[in-house]
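Bear in mind that the values in this text are calculations on the coordinates, not laboratory data. Being a predicted model, the structure only gives us computed values, none of them experimental. Here the Cβ is made from the backbone with ideal geometry for all residues, glycine too, and neighbour counts use every protein chain on show.
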Amino acid sequence: MVVILGAAIATGFALGCGDGEDEAGAAPLTKAEFIEQAEAICAKSLKEREEDTVSWEKENSGKGNGGTPLTDVVAPSLAQEAEELKTLVPPAEDEADVTRMIGRLSEVSEAFEEGDSKKAPRAIEQFNRESADYGLSGCP
C-alpha cells in the first residue's frame with residue numbers, strides 16, 4: 001500500500017487559459033518559474049497528504065468503515081492539488097503539455113476515488129512520465 005500511496009503522491013502540474021493570460025489577467029510564467037511554483041505546490045500537497053494518511057490510519061484502523069486512505073485522503077488531496085496547479089499560468093507554448101499533465105493528475109484522483117485498480121497505475125505512470133519530460137523533478 002505504501003508503494004501505491006507513494007506512486008499516487010507523485011503529483012502534479014498546471015493549466016493555463018487561452019489567450020496567454022489567465023482569467024485574472026496574469027501573464028504566463030516562464031517555464032522555470034512554472035516548474036518552481038508547481039514543485040512547491042507538489043511538496044506542500046505531498047507533506048499534507050502523508051500527514052493526513054497517517055491520521056486516517058490511526059483513526060480508522062480496524063473500524064471497517066468501508067473507506068480507504070486512497071479513497072478518503074489521496075483522491076481528494078490530488079483533486080485539490082490539481083485545482084491549485086490550475087491557478088498557475090504556464091508559458092503559452094507549453095499549455096498543451098500542461099493541460100495533458102493536469103488531465104492525468106485528475107485521472108489518478110478519479111481512479112483512486114472509484115477504486116479502479118487498473119486505471120490508477122496507468123494514469124500514475126503516464127503522469128510521472130509527462131511531468132518528468134516537462135522538467136518537473138520534485139513531483140514525479
Against the rule of thumb 2.2 N^0.38 Å, how large the Cα Rg of the stretch 29-94 comes out: 1.43
Using +1 at the Cβ of each Lys and Arg and -1 at the Cβ of each Asp and Glu in the stretch 20-114, identify which of Gln37, Ala82, Trp56 lies farthest towards the dipole's positive end. Trp56
Whole-angstrom Cα spans of the stretch 26-140 along principal axes, big to small: 49, 26, 22
Go through the stretch 75-140 and name the trypsin sites (Lys or Arg not before Pro) that are in a DSSP coil and have 13 or fewer other Cβ atoms within 10 Å of their Cβ. Lys118
So for the stretch 19-140, averaging the separation of alpha carbon pairs under 8 Å that are six or more residues apart and normalising by length, what relative contact order in percent results? 31 percent
Cβ-Cβ FRET estimate between Lys58 and Ala79, R0 fixed at 22 Å, reported to 0.05: 0.45
Loop-resident sites, the stretch 80-140, for chymotrypsin sites (Phe, Trp or Tyr not before Pro), counting at most 10 other Cβ within 10 Å (DSSP): none
If we restrict to alpha carbons, what Rg and Dmax does the stretch 99-140 come to, in Å? 10.0, 30
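Fewest to most neighbouring Cβ within 10 Å: what's the order for Asp94, Asp52?
Values: Asp94 20, Asp52 16.
Going from least to most buried by this count: Asp52, Asp94.
May I ask you to work out the translational diffusion coefficient for the stretch 63-102 at 4 °C, viscosity 1.567 mPa s, via Stokes-Einstein with Rh from the Kirkwood sum over Cα pairs, reported in whole µm²/s?
Numbers: Rh = 12.0 Å.
Answer from the Stokes-Einstein relation: 108 µm²/s.
Could you size up the charge dipole of the stretch 20-126 around its Cα centre, putting +1 on the beta carbon of Lys and Arg and -1 on that of Asp and Glu, and report it in debye to the nearest 20? All intermediate terms of the calculation are to be shown ahead of the outcome.
On the way: 12 positive and 26 negative charges, 97 e Å.
Approximately 460 debye in magnitude.
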